[in-house]
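What follows is a set of notes on a single structure, which appears directly below.
The values are calculated or read from the model by the stated rules, or taken from the named source; none is laboratory data. These numbers come from a predicted model, not from an experiment. FYI the Cβ positions are ideal-geometry reconstructions off the backbone, even for glycines, and counts take in every protein chain you see.
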Amino acid sequence: MIKASVIGGTGYAGQELIRILMRHPEVEVVTIGTRSFSGQKFSDIYGNFQGITDLVCEATDIKELAEKSDVVFLALPHGIASKTVTAEVLTKTKVIDLGADFRIKDIDVYEDWYQTEHFNHSLLNDAVYGLCELHREEIKKAQLISNPGCYTTCSILSLAPLIKNNLIDMGSIIVDAKSGVTGAGRGTVTDLMYSECNETIKAYKIGSHRHTPEIEQELRLLNGQDFNILFTPHLVPMNRGILALSYAKLTADLSLEAIKAIYCEFYNDEYFVRILENRMPETRWVKGTNFCDIGLSIDPRTNHVIVVGAIDNLIKGAAGQAVQNMNICFGLAEKTGIDFIADFPI
């Protein structure tokens, strides 16, 4: 059995990660780390774990967990992992970081967008960006994996085949994305209160969302070109899910059928990426799953391709992808423990 510990287990992504790991046939959860709820039973914080686990949350140190864990998951705000993950820790355990500290390779870009200092430059080159469909071979050998962001996962998977095959004008990319409120975490913020976000939709962090450089970094790797995207996130009054619409101007005269064929070939062996034929993605069909659904359309009047992507922000956008990364690292079948089908209606 793989012995797993989760630091930051009482946030939404951490709780989802523990829920998945608890049903994983090859994993034993040995520690749930959190300072805010130290000494409390996990099942007292999340009632869905009543009768499932008697684990008590601990204010523990990653160095201690490295001694008894085969893998340590970090579900923490940015700025913490770069202080705590060390080369010594990585000689004893694998670390999968659900935060942002090791995603962006350029220190200056990270510190500019996140407005915080990065404390471990030396490990950046060792960290593997954990978007499984694009970096599987590197993930297999990694000790430190930076789990991608939720908006990022949906946007990159949506656009990757177009960019890899040089089918679009790189300066024309617009990503218009919507997220449920769990994407903002479990903290008490006025803007996320029920009466503040119900019955309304709003754009936020226009031109300044921190997932922007992450999306650009990974997409640039696909064709070597330097470009910027226009990315705008929106908050919608639902618990979970991301719907990302990506627009770009085609540089080739291609039919919709030809573009679909390119996508199907690109993702031919990817269980968790579904290219839809007769309908467009909806968050309800990926809710509670590790799937990314992608739909395609062409506007012949403007010669633009429109790509619609949908994921569950807490699963494929966080905890499920973290487990997918773990499965790859330990040589397990990739969908082990994360082969959920969406519940409906719910």
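What to note about this one:
- Among the residues making up segment 272-311, those that are of a type in the set (Phe, Trp, Tyr) and farther than 22 Å from Asn165 by Cβ are Trp285, Phe291.
- Residues of segment 284-325 that turn out to be farther than 17 Å from Glu270 by Cα, buried (at least 24 other Cβ atoms within 10 Å of the Cβ) and of a type in the set (Gly, Ala, Ser), as a count: 2
- Just one of the listed residues (Leu124, Leu90) is touching a strand residue (DSSP E or B) at 6+ places or on another chain (Cβ under 6 Å) and farther than 21 Å from Leu157 by Cβ, and it is Leu90.
- Condition met for Leu219 (under 16 Å from Gly309 (Cα atoms) and surrounded by 15 or more Cβ atoms within 10 Å (Cβ to Cβ)): yes
- Figure legend. Inter-residue proximity from segment 22-36: first residues in the same structural domain as Asn48 (by TED's automatic domain parsing) and polar (S, T, N, Q), second residues surrounded by 15 or more Cβ atoms within 10 Å (Cβ to Cβ) and in a strand (DSSP E or B), beta-carbon distance below 8 Å, spacing 6+ or different chains. Indicated pairs: Thr31/Ser5; Thr31/Val6; Thr31/Glu58; Thr34/Ile7; Thr34/Glu58.
Quick grid of which residues meet (1) part of a strand (DSSP E or B); (2) at pLDDT 95 or above:
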{"site": "Lys249", "(1), (2)": "yes, yes"}
{"site": "Ala252", "(1), (2)": "no, no"}
{"site": "Glu257", "(1), (2)": "no, yes"}
{"site": "Ala261", "(1), (2)": "no, yes"}
{"site": "Tyr271", "(1), (2)": "no, yes"}
{"site": "Pro281", "(1), (2)": "no, yes"}
{"site": "Arg284", "(1), (2)": "no, yes"}
{"site": "Gly288", "(1), (2)": "no, yes"}
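- Exactly one residue out of Ile306, Ile262, Ile298 is aliphatic (A, V, I, L, M), in contact with a Leu (Cβ under 6 Å, 6 or more places away or on another chain) and not assigned by TED's automatic domain parsing to the domain that holds His24, and it is Ile298.
- Hey, Gly8 buried (at least 19 other Cβ atoms within 10 Å of the Cβ) and within 19 Å of Gln321 (Cβ to Cβ) or not: yes
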